[in-house]
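What follows is calculated from the coordinates using simple rules that are stated; it is not laboratory data. Note that this is a predicted model, so its numbers are computed, not measured. Here the Cβ positions follow ideal geometry from the backbone for every residue, glycine too, while neighbour counts run over all protein chains shown.
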């Protein structure tokens with residue numbers, strides 16, 4: 001379990017429990033202790049469940065998304081999102097249809113750069129145009145790529161939020 005994405009109403013009990021757990025269980029020398037592990041400890045107490053994998057849908061009104069919704073590409077296959085999207089249309093479609101977000105292993109790509117015509121580069125340009133515009137392609141780590149960087153007609157089906165939508 002991790003803390004990639006949260007959405008809670010004001011004064012939520014689970015959020016209060018996480019704040020208490022953060023203070024009581026703080027350990028700055030142990031990686032993940034104050035982030036993902038803190039969320040998992042709070043979840044286990046809140047749900048009285050020692051294994052979060054057993055009840056991944058809901059616990060006391062707390063909805064839990066399946067990991068592939070935010071982490072559709074495992075670390076061991078992280079290089080796939082740097083490949084040209086034109087030869088990986090199935091992966092593009094899967095990411096667009098089945099995920100809410102894509103963890104893109106920033107530390108890994110910080111040194112390599114993100115090819116503009118890669119799966120990741122194309123997803124970022126299609127689904128996050130305001131971010132790409134605000135931070136610039138260079139600022140986001142885009143590098144020039146080899147080959148054509150045009151979107152097929154089918155890509156219109158894959159597009160997420162557009163600038164016109166207010167995002």
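Taking each residue as 0.36 nm, the span from residue 107 to residue 131 lengthens on full extension beyond its C-alpha to C-alpha distance by 6.8 nm. Taking label positions 7 Å along the Cα-Cβ direction at both residue 89 and residue 45, the computed distance is 5.2 nm, reported to one decimal.
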